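The values are calculated or read from the model by the stated rules, or taken from the named source; none is laboratory data. Given the structure is predicted, the values throughout are model-derived calculations rather than measurements. No Cβ is skipped: glycine too gets one built from the backbone with ideal geometry, and neighbour counts run over all protein chains shown. Remember, those area values only see protein heavy atoms, side chains included, never the ligands or the DNA or RNA. Shrake-Rupley method; radii C 1.70, N 1.55, O 1.52, S 1.80 Å.
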Amino acid sequence: MGLAVVYSRALAGLDAPLVTVEVHLANGLPSFTIVGLAETEVKESRERVRAALANCRFAFPSRRITVSLAPAELPKESGRFDLPIALGILAASGQIPDTPLARYEFAGELSLAGELRAVRGALAMTLRAAGEGRAFVLPAASAREAALVDGAVVHPAASLLAVCAHLAGESPLARQPPTAVDATPRYPDLADVRGQAHAKRALEIAAAGGHSLLMAGPPGTGKSMLAARLPGLLPEMTDAEALESAAVRSLACVGFRIEDWRARPFRAPHHSASSAALVGGGGDPRPGEISLAHRGVLFLDELPEFDRRVLEVLREPLESGRVTISRAARQVDFPARFQLVAAMNPCPCGYLGHYGGRCRCTPDQVARYRGRISGPLLDRIDIHVEVPAVPAEEIMRHASTESTAAVRERVTRARAGQLARQGRPNCELAARELEPHCRADAAAQALLKHAIARLALSARAYHRVLKLARTIADLAGAESVAAAHVAEAVGYRRGPGTAG
């Protein structure tokens with residue numbers, strides 16, 4: 001009787017727990033059984049492995065084959081276990097040496113001819129494998145993505161035969177060199193947007209402090225253009241942020257685009273998106289739009305057109321920066337530290353307040369339209385700003401405006417000050433941290449007190465105004481929050497559709 005042990009990885013959210021693949025060959029009637037909470041995709045590997053071994057001229061044992069995927073309570077999915085199962089069978093039957101197996105982890109889907117196909121989540125799996133000191137053997141199509149992990153030992157392989165030759169010492173697999181990405185991410189330029197100085201100022205403040213933003217205005221005034229330019233205003237991603245963002249995106253589909261390395265995500269789901277599309281889900285939970293926008297921007301255009309129940313799922317992730325998906329068999333966490341930018345029309349026809357006087361909506365129609373967005377969600381949006389129609393003469397004027405690079409320089413300087421002062425952006429400050437980090441002078445405190453009474457601000461809105469004023473002060477290079485900073489911050493709570 002033969003026994004072989006091979007190591008691989010499962011996926012559970014952003015985590016990739018170790019899976020021990022144990023293959024046992026016993027006497028008895030020929031059979032092939034896979035145990036260990038294997039889903040259909042894994043059970044189908046029996047036929048892929050059988051055909052791959054035959055086409056690679058290996059002998060398929062006519063014995064009772066039992067494959068155990070441990071731990072048994074961890075759900076296993078996808079075809080990534082094809083390669084470790086095939087190697088376990090070959091090692092247990094003595095066709096390849098089993099001694100080298102302990103130094104490696106393996107993942108890869110097999111074709112019927114024995115070729116290796118790319119797998120989903122290679123980056124997340126390599127992160128864990130590198131931390132435990134084992135090299136990772138992956139399909140060649142997934143190796144460049146995995147080599148983004150600093151210090152990881154990754155061996156790309158094109159086929160099952162190539163892996164077996166490596167383990168036998170006949171033809172060692174080359175080590176994948178660290179993936180070098182020299183290209184600087186390219187973003188749309190803010191200078192392309194004509195006019196809208198007030199909205200651009202709000203966009204700069206949102207970028208500097210990581211604040212959420214709601215823009216309201218008639219169609220064609222530049223709301224979508226402004227939103228698309230926010231990722232370019234944000235500071236350059238750190239190595240840790242880039243790796244975390246790339247790992248999340250690698251979980252959603254097979255193959256992470258190396259060209260997107262260090263590029264801030266910009267996700268813009270259609271207003272027909274479901275709750276599961278936004279937060280993630282499925283029997284095998286995958287990240288949704290809010291997690292795919294991690295460390296980047298989530299843009300919701302035509303905000304009132306989204307189903308109200310769909311929008312309500314955003315409330316908790318906006319506060320916590322994480323989303324937990326619970327299923328009967330498992331519970332997974334995904335990071336969701338995104339920056340929300342939303343856009344809406346001021347009324348059903350979209351032309352309320354337009355200088356052409358085209359709107360014919362009644363006040364009742366306008367109230368019903370804006371009422372599609374709940375007060376609690378609006379209360380969680382820091383900045384509310386109008387984006388009015390731009391007159392024709394301003395559209396045609398070729399006036400120079402600030403570029404994305406110039407604004408990003410100020411944003412980066414303000415964000416660096418926040419990290420030095422409190423270790424995080426202003427938007428992430430907890431209520432107990434406001435007193436030491438958001439000190440306001442006497443005039444600013446008096447103005448805040450008046451604003452709370454006059455605008456009936458909630459406690460949450462008060463905290464958000466204070467954090468927003470702190471960001472405005474950071475952009476101005478001020479040590480403390482002054483009345484002028486508070487006045488500007490309060491002004492951003494009085495835009496169209498605001499709850500307070």
* **Some residue of region 463-475 being basic (K, R), open to solvent by 60 Å² or more (accessible area, probe 1.4 Å) and either closer than 29 Å to R372 by Cα or assigned to a helix (DSSP H, G or I) (or both)** => no
* Condition met for K76 (without any contact (Cβ under 8 Å) to a residue 12 or more places away in the chain and either of a type in the set (A, V, I, L, M) or closer than 18 Å to A107 by Cβ (or both)) -> no
* Can you list the helices (runs of 4 or more DSSP H) found entirely within region 70-172 that contain at least 2 residues being in contact with a Leu (Cβ under 8 Å, 6 or more places away or on another chain) and under 19 Å from A4 (Cβ atoms)? -> 82-92, 160-167
* Is it true that A406 is open to solvent by less than 60 Å² (accessible area, probe 1.4 Å), in a helix (DSSP H, G or I) and aliphatic (A, V, I, L, M)? -> yes
* Any idea which residue in region 311-335 is most open to solvent (accessible area, probe 1.4 Å), counting only those that are charged (D, E, K, R) and assigned to a strand (DSSP E or B)? -> R322
* Would it be correct to say that R175 is of a type in the set (K, R), outside any helix (DSSP H, G or I) and surrounded by 14 or more Cβ atoms within 10 Å (Cβ to Cβ)? -> yes
* Take R267 and decide whether it is modelled with pLDDT of 95 or more and either touching an Asp or Glu at 6+ places or on another chain (Cβ under 7 Å) or surrounded by fewer than 20 Cβ atoms within 10 Å (Cβ to Cβ) (or both). => yes
* Asked: So which pairs qualify, if the first residue must be in region 295-316 and closer than 13 Å to A276 by Cα, the second must be crowded, with 18+ Cβ neighbours inside 10 Å and among the β-branched types (V, I, T), the Cβ gap must be under 6 Å, and the two must be at least 6 apart or on different chains?
  -> V313/V279
* Structure fact -> Exactly one of S8, S45 is within 30 Å of C253 (Cα to Cα), among the polar types (S, T, N, Q) and in contact with a Lys or Arg (Cβ under 8 Å, 6 or more places away or on another chain), and that one is S8
* To do: Inspect all residues belonging to region 409-423 and state whether any of them is modelled with pLDDT of 85 or more, of a type in the set (S, T, Y) and surrounded by 14 or more Cβ atoms within 10 Å (Cβ to Cβ).
  => yes
* To do: Identify the single condition in (1) farther than 27 Å from A277 by Cβ; (2) over 30 Å from the mean Cα position of the chain (by Cα); (3) in contact (Cβ under 8 Å) with a residue 40 or more places away in the chain that E386 does not satisfy, given that it satisfies every other one.
  => (2)
* Picking from L292, L278, which residue would you name as being surrounded by 16 or more Cβ atoms within 10 Å (Cβ to Cβ), in contact with a Lys or Arg (Cβ under 6 Å, 6 or more places away or on another chain) and either farther than 21 Å from S224 by Cα or free of Cβ contacts under 8 Å to residues at least 60 places away in the same chain (or both)? -> L292
* Asked: Can you tell me which residue in region 61-85 is nearest to the chain's Cα centre (by Cα), limited to those that are within 20 Å of L11 (Cβ to Cβ) and hydrophobic (A, V, I, L, M, F, W, C)?
  -> L74
* For A107, indicate whether it is closer than 17 Å to A12 by Cα and modelled with pLDDT of 95 or more. => yes
* Asked: Residues in region 441-452: is at least one under 30 Å from P188 (Cβ atoms), in contact (Cβ under 8 Å) with a residue 12 or more places away in the chain and open to solvent by less than 30 Å² (accessible area, probe 1.4 Å)?
  -> no
* Structure fact -> Scanning region 27-59 for residues that are assigned to a loop (DSSP other than H, G, I, E, B) and among the aliphatic types (A, V, I, L, M) gives L29, L37, A59
